[in-house]
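Have a look at the structure below before the remarks.
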Amino acid sequence: MQFFKSRQAVHDFVQSHKKKDKTVGFVPTMGALHEGHIQLIKKSKLQNHITVVSIFVNPTQFNNQADYHKYPNHIKNDTEKLEQVGCDVLFHPDVEEMYPVPDHRKFDFGELEQMMEGAYRPGHFNGVAQIVSKLIEAVPAQKAYFGQKDFQQLAIVRKLVGDYNYPVEIIGCPTVRESDGLAMSSRNERLTSAQRQNAPVIYQSLLQAKKMYPEKNINEIKKYVVENINKIPEFNVEYFEIVDHYTLRPIHSPQSDKYVTACIAVYVQDVRLIDNINFF
Ligand code: AMP
């Protein structure tokens, strides 16, 4: 596996392979790699000659500094996992490389960023857009792979790429779960064993919500999910929304003809977990 820390070096590497008619897939991550990341990498390997993974914990997307500083760093372990899965290139820049000067760009995603993660994590998607734009300029791959686990982020990235005409195809990949249903996340390792044992309640509640839809009304479904999770000690639902899959507008009454997705954020003490489920 090739290892780059500089934007210019990874850019030159990718361009030289594209000139030789090789296709390049790109998987941006913040590291602490788990099976969810690995599935994205495997998909890229199936669809491209060369797969580039980036590991960069982006400070500008954290609205909570404590969350940033507690973000796990397992670069040695991650490198081994990347070697094992057959990743071709690891791009692992430091903060000065990605932000040699402060990035003052302001992005506007309209209503896509006005609810859920956008509302509860002010500035988060602006930071995501700053880093994703820099990363896809540094790694000019033909395809980039993102997980549906971060459902609203996927919508924002698609909009960013459309608005700025970036010549990259965004490939959305299904959420990978632990055997008990908990969505894999680098933050799961911060849960205590009791919290971890209870954490499948999040996906179980989403599955139950899906069963209740469209017969039960939206408020009834919301009440069920919030109460079912909040009754667990240390679990607090931040939001639970049922939204149009494409516009992300909240649905107020069941519409069987619509593509609908339910999204949730839960604080388990100070660990914030998100998940979502399609109702189709
Ligand atoms: P992160 O390292 O958390 O920024 O995630 C990097 C990429 O992996 C993002 O596109 C995420 O949506 C994706 N991802 C994270 N967790 C999962 C998962 N459990 N299943 C599928 N994709 C995931």
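Read-outs: derived from the displayed coordinates by stated rules, not from any lab. Bear in mind that the values here come from a model prediction, so they are computed numbers and not experimental data. Positions of Cβ are backbone-derived with ideal geometry, glycine not excepted, and every protein chain shown enters the neighbour counts.
If Lys and Arg each add +1 and Asp and Glu each add -1, what is the summed charge of the other residues whose beta carbon sits under 14 Å from the beta carbon of I170?
Details: positive: K43, K143, R158, K159; negative: D150, D163, E169.
Residues near I170 contribute +1 overall.
Other residues whose C-beta falls under 12 angstrom from the C-beta of R190 contribute a net charge of +1, scoring Lys and Arg +1 and Asp and Glu -1.
Among residues other than I221 with Cβ under 14 Å from its Cβ, the summed charge is +1 (Lys and Arg +1, Asp and Glu -1).
Restricting attention to the range 157-246, the count of lysine pairs at 8 or more positions apart or across chains with alpha carbons under 23 Å apart stands at 9. When the Cα positions of P214, H69, Y145 are compared along the charge dipole of the chain, Y145 comes out farthest toward the positive end, with charges on each C-beta of Lys, Arg, Asp and Glu. Annotation: lysines with alpha-carbon distance below 20 angstrom to K20 (same-chain offsets under eight excluded): K45, K143.
With a Förster radius of 25 Å applied to the C-beta separation of K22 and I75, the computed FRET efficiency comes to 0.40.
Karplus-based coupling profile of the range 259-270, in residue order and whole Hz: 7, 10, 10, 9, 10, 9, 10, 10, 8, 10, 6, 9, with θ = phi - 60° in 6.51 cos²θ - 1.76 cosθ + 1.60 and x standing for Gly or Pro. Across all directions, the average flat footprint of the convex hull enclosing the Cα atoms of the chain is 14.7 nm². Model label points for E227 and Q114, set 7 angstrom from Cα along the Cα-to-Cβ axis, are 3.1 nm apart.
Hey, could you grab the Kirkwood Rh for the range 86-163? Inverse mean 1/r over distinct alpha carbon pairs, Å, one decimal.
Numbers: mean 1/r = 0.0723 Å⁻¹.
This gives a value of 13.8 Å.
In order along the range 145-153, the phi-based Karplus estimate (6.51 cos²θ - 1.76 cosθ + 1.60, θ = phi - 60°) of 3J(HN,Hα) comes to 10, 9, x, 5, 3, 9, 4, 6, 4 Hz; Gly and Pro are listed as x.
Around the amide H of E169, modelled in the peptide plane, lie the amide H atoms of K143, A144, all under 5 Å away and 5 or more residues distant in sequence or on another chain. For R249 and T192, the difference between the fully extended length at 0.36 nm per residue and the C-alpha to C-alpha distance is 17.0 nm. Placing unit charges on the Cβ atoms only, positive for Lys and Arg and negative for Asp and Glu, gives the chain a dipole magnitude near 440 debye about its Cα centre.
When you filter the trypsin sites (Lys or Arg not before Pro) in the range 1-103 for DSSP loop state and at most 11 other Cβ atoms inside 10 Å of their Cβ, you are left with K20.
Exposure proxy shown here: for D108, D150, the number of other Cβ atoms within 10 Å sets the order, fewest to most, as D108, D150.
Residues in the range 51-67 carry Karplus couplings, in order, of 10, 10, 10, 10, 10, 7, 8, 7, x, 6, 9, 9, 7, 10, 5, 5, 4 Hz; the curve used is 6.51 cos²θ - 1.76 cosθ + 1.60 with θ = phi - 60°, and Gly or Pro positions show x. Close amide-amide hydrogen proximity is noted between T23 and H49, I50, each under 5 Å apart and 5 or more residues distant or on a separate chain (H modeled in the peptide plane; Pro and chain starts excluded).
Annotation: amide H of Y259 within the under-5 Å range of H245, sequence separation 5 or more or interchain, hydrogens built in the peptide plane.
Express in whole angstrom the spacing between the alpha-carbon centres of the range 1-79 and the range 216-259. So the two Cα centres are separated by 33 Å.
So for K149, K223, fewest C-beta neighbours within 10 Å to most, what's the order?
Working: K149 19, K223 13.
Exposure proxy ranking, most exposed first: K223, K149.
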